[in-house]
Amino acid sequence: MDHPRGTIRSRLRRAITSGAPLAFAALFALSGAGTAAADINGPDVASWQHDDSSIIDWFAVRNSGHEFAMIKATEGLDYINPFFVPDTVAARLAGVARGAYHFARPQASPEAQAAFFAATVIGVNGPPGDLPPILDLENSGGLPPAALIDWTHRFLNTVEGLTRRVPIIYTYPNFWKTAMANTNQFIRYPLWIADYRGNAQPELVGGWPVWTFWQYTDRGVIPGIAGTTDLNFYSGAMGPLDLFSNNLSSGSGSAGS
């Protein structure tokens, strides 16, 4: 992903780069809604994790305690991550729950991008262990907030219609507050929020009462992945991960259910 950069407290950075991301849970006492399962941890990956032609060892990822992974599938209208299929299949074999995400390029049609994304993932993702499809929204494409809000509704509605899953939205606080005018029109969708500031909780925006996934660093080091990778917590807000990652009923995966 193209990441917002933030300052991570030195103790968090030491824990992450030591290869022990679960130490984060011990460093910060998480409390309140959206933190019940914050020790459930997983990376998100794209082609960057293969820059040196390395192959991700998904069995090592799972054996190190990481129960899920988000894998980039598509971007815009003409890019498919060349490692999406092998990573998705290998993660499934290793028992890692998988989410597929689309990096939005709002300069182009939302319906066309949604169809491109869905066509790419439907044949690969599927139970057991598939998380809902994900919209990675961190680029406005030059659209003003009202137009970007409309674009986002149209993309999500199309993906939901094609996949029968309520999509997840990935974003970060400053983008949502500015490019999306901090709209509260999307709270029915599970929130995956990027916030690297080392706080005990990520910042919630857009009226979301809870976060579902929290990307807390882009400097993680874990077994099975060469170099650094993003790391995320699952909050438990959508119930047990094994149930959330096999839910095929439209609407039952929404944040308001």
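What to note about this one:
- Paramagnetic label zone (point 7 Å from Cα along Cα-to-C-beta, I122; backbone N under 14 Å) in region 160-190: 160-165
- Computing FRET efficiency as 1/(1 + (r/R0)^6) for Q185 and L93, where r is the C-beta to C-beta distance and R0 is 25 Å, gives about 0.05.
- Placing pseudo-labels 7 Å out from each Cα toward the beta carbon at S47 and V85 gives an inter-label distance of 1.5 nm.
- Lys/Arg +1, Asp/Glu -1 at C-beta; region 10-244 dipole; positive extreme among L143, S47, I193: I193
- Projected label distance in nm at N157 and A60, using a 7 Å step from Cα toward the beta-carbon: 4.6 nm
- If you take the Cα centroid of region 54-85 and the Cα centroid of region 157-214, the two points sit 21 Å apart.
- Here the gap between A200 and D242, fully extended at 0.36 nm per residue and compared with their Cα-Cα distance, gives a gain of 12.6 nm.
- Computed E for L143/R219 - FRET, C-beta separation, R0 41 angstrom, nearest 0.05: 0.85
- In region 51-155, trypsin sites (Lys or Arg not before Pro) in a DSSP loop with at most 10 other beta-carbon atoms within 10 Å: none
- Shape category assigned to region 10-244 from the gyration tensor of Cα positions, a/c cut at 1.5: oblate
Read the figures in this text as sums done on the coordinates, not as results from a lab. None of the values given here were measured: they were computed from a predicted structure. Positions of Cβ are generated from backbone atoms using ideal geometry, with glycine treated the same way; all protein chains shown enter the neighbour counts.
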